Amino acid sequence: MSRNNMKKNLSPIESNKKRRRRIQPKQNERKRLQNANIDNKKINRAQINAEAGRLSGINSHFTSSIVKEEIQQTLKKSANFKYIIIDGNNIGMAHGNRVFSAFGLKLAVDFFIERGHKDIKTLVPRFRRFESKEYEILDELEAKGYLCFTPSRYLNGKLIVPYDDRFILEAAEHFNAVIVSNDNFCDIKEEKLEWKRLVENKRLIFGCFRSNG
């Protein structure tokens with residue numbers, strides 16, 4: 001019997017079985033490829049997660065390094081804060097409206113402390129210590145190292161006060177400091193080229209605002 005005749009003589013059931021046998025290998029191959037793709041995706045995800053974790057660690061380390069660098073820069077800046085010389089007599093008289101105010105000196109010192117300055121020195125003639133009702137504030141500032149009395153004395157009942165402006169300029173020159181004062185030092189700044197430079201370039205003027213309440 002020829003092959004063509006055999007095909008013709010096959011029953012519908014036998015024909016379907018042969019068709020399923022031909023389809024089955026193709027379906028198996030498709031499943032195998034799908035499974036392979038799924039496995040590859042799992043591998044890729046695992047690799048991606050591992051890489052993300054590695055990059056996250058690097059990023060965390062990098063961020064930490066930036067923070068440390070910023071802190072170091074801040075410390076360097078704080079270390080470079082200028083030395084401050086406060087004209088105590090000038091500020092005290094301005095804050096007290098021509099009556100010496102020790103509290104005005106405390107406000108000035110506190111202002112620079114809050115800004116991070118460490119080297120602050122207020123120069124005040126010594127006679128202010130004995131005339132001020134707020135002498136305790138002066139004593140406290142002196143004890144903390146923020147105030148220094150310039151010489152003054154009584155001779156035969158007369159007050160002798162060396163020119164405190166000269167002490168201020170000498171101290172500012174020595175420490176290359178900023179001078180906090182509304183005084184122009186016109187009468188002595190020409191004595192030294194350095195004094196003139198300090199007064200013209202490193203003098204910080206101020207204002208006093210009093211509450212009406």
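All of the numbers you see were taken from the coordinates with simple rules; none came from a lab. Keep in mind that this is a model prediction, so the values were computed, not measured. Neighbour counts run over all protein chains shown; Cβ positions are idealised from the backbone, glycine included.
Please identify which residues in the range 139-182 have an amide N closer than 14 Å to a label point set 7 Å out from the Cα of Cys208, following the Cα→Cβ vector.
Answer for the range 139-182: 181-182.
Over the alpha-carbon set of the range 127-213, divide Rg by the Kirkwood Rh and report the Rg/Rh ratio to two decimals.
Details: Rg = 15.5 Å, Rh = 15.2 Å.
For the range 127-213, the value is 1.02.
Which entries in the list Lys106/Lys196; Lys82/Lys158; Lys121/Lys189; Lys121/Lys196; Lys118/Lys196; Lys158/Lys202 go over 31 Å, if you measure between the two C-alpha atoms of each?
On the way: Lys106/Lys196 28 Å; Lys82/Lys158 38 Å; Lys121/Lys189 20 Å; Lys121/Lys196 20 Å; Lys118/Lys196 25 Å; Lys158/Lys202 35 Å.
Violating the 31 Å Cα-Cα cut-off are Lys82/Lys158; Lys158/Lys202.
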